[in-house]
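Okay, so here's the structure we're looking at.
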Amino acid sequence: MVLRDRTRLEKSIEQVLGIEQELDDAATLIELGEAEDDAEVVAEAEATIAGLQRRSEKLELESLLSGEVDGNDCYIEINAGAGGTESQDWAEMLARMYLRWAESHDHKIEWIEESAGEEAGIKSATFKVVGPNAYGWMKTESGVHRLVRISPYDSQSRRHTSFASVWVYPVIDDAIEIEIEDKDIRVDTYRASGAGGQHVNKTDSAVRLTHIETGIVVQCQNDRSQHRNRAQAMAMLRARLYEHEMQKREAEAQAEQDSKTDIGWGHQIRSYVLHPYQMVKDLRTNVETGNAQAVLDGDLDRFLEASLASVLGKDQADATDGEAEAPEA
């Protein structure tokens with residue numbers, strides 16, 4: 001953990017020093033351009049400064065990711081909603097979108113579980129995103145995602161609306177203690193599905209754990225060893241229980257503003273419209289773009305930054321209000 005934090009801090013320092021150096025170079029170019037009356041050089045340097053400003057704003061936002069587990073890796077769990085093949089195809093599109101986002105940020109992906117749909121797409125999938133501040137950046141993606149498009153599975157080419165839920169929770173390391181006793185969980189084993197050759201069809205290597213008190217269910221089938229699948233499922237359960245407790249505390253502290261933690265099916269966070277026009281709109285921040293295909297290809301940063309800024313800004317405002325309302329000693 002210490003080594004990870006050191007690496008993260010070193011990278012942040014390198015980024016800040018890099019911005020400072022590029023800013024100094026751009027300022028020098030502007031001086032030279034103005035001295036030689038070269039408008040093209042000046043315009044290029046000004047464009048560089050504008051890009052540096054955007055990078056610095058993102059770094060400033062990232063510096064505010066100071067939550068206990070913001071710097072950790074995360075699990076992303078996707079489940080198709082009602083609607084059969086349509087929703088299952090949409091769930092697979094969402095999984096691809098997050099995979100593309102992770103790849104563009106040099107994060108690694110570890111598959112945990114995937115259940116294929118009957119005709120196309122997936123019923124559910126769980127994978128781990130490994131990278132600096134993975135949970136901090138992705139935590140606001142939990143919720144219901146809505147797709148509107150002309151269905152490729154409808155012979156009459158009618159417009160369909162599909163739903164899928166996304167659940168993001170942090171990977172919990174040894175620094176956070178979560179105790180789970182054997183009597184608190186139910187263990188089910190079953191035959192793994194999907195790729196894996198003949199082995200997965202002959203042995204009950206997949207493991208499903210159910211936490212009896214909360215009803216939280218996790219499952220893992222990515223390994224041929226039932227023992228290793230159970231260990232991975234237990235790690236996921238610890239993470240889910242941690243997230244569950246954090247959400248319960250937030251709900252108790254601010255019940256009237258619990259939309260950021262409520263991912264019920266009636267609480268959509270983002271709409272992706274592909275017909276009759278193209279638009280992706282976040283319903284919490286009102287950030288939108290007409291380039292829906294770029295978003296589905298993993299271009300999520302504008303939405304992540306806006307939702308994080310909204311949450312962090314609200315938290316800071318709440319803290320200020322709390323101080324203002326505190327009684328005098």
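For Cα pairs less than 8 Å apart in space and 6+ apart in sequence, what is the mean separation divided by the residue count of the stretch 83-223, i.e. the relative contact order in percent?
In percent, rounded to a whole number, it is 19.
Any idea of D297's accessible area? Nearest 10 Å², probe 1.4 Å.
60
Compute the distance from the alpha-carbon center of the stretch 101-125 to that of the stretch 18-35, in whole Å.
44
Output the peptides 280-287, 162-169, 36-43 sorted from most to least packed, where packing is the average of other Cβ atoms within 10 Å over each peptide's residues.
162-169, 280-287, 36-43
Would you mind counting up the charge near A102? Only other residues with Cβ under 13 Å from its Cβ, with Lys and Arg at +1 and Asp and Glu at -1.
Local charge sum for A102: -4.
Suppose R0 equals 30 Å; then what is the FRET efficiency for S225 and E10 from their Cβ-Cβ distance, rounded to the nearest 0.05?
Efficiency, from the Cβ-Cβ distance: 0.25.
Measure of size requested: the Rg and Dmax of the stretch 1-134, with Cα atoms as the atom set and Å as the unit; please supply both.
Rg then Dmax for the stretch 1-134, in Å: 21.6, 68.
For the stretch 82-189, which whole-number percentage of the solvent-accessible area (1.4 Å probe, protein heavy atoms only) is attributable to carbon and sulfur atoms?
The computed percentage sits at 43.
The values are calculated or read from the model by the stated rules, or taken from the named source; none is laboratory data. Remember, it's a predicted structure, so these values are computed and weren't measured experimentally. Every residue, glycine among them, receives a Cβ derived from its backbone with ideal geometry; neighbour counts consider all protein chains shown. SASA here: full protein model, heavy atoms, side chains in, ligands and nucleic acids out. Shrake-Rupley method; radii C 1.70, N 1.55, O 1.52, S 1.80 Å.
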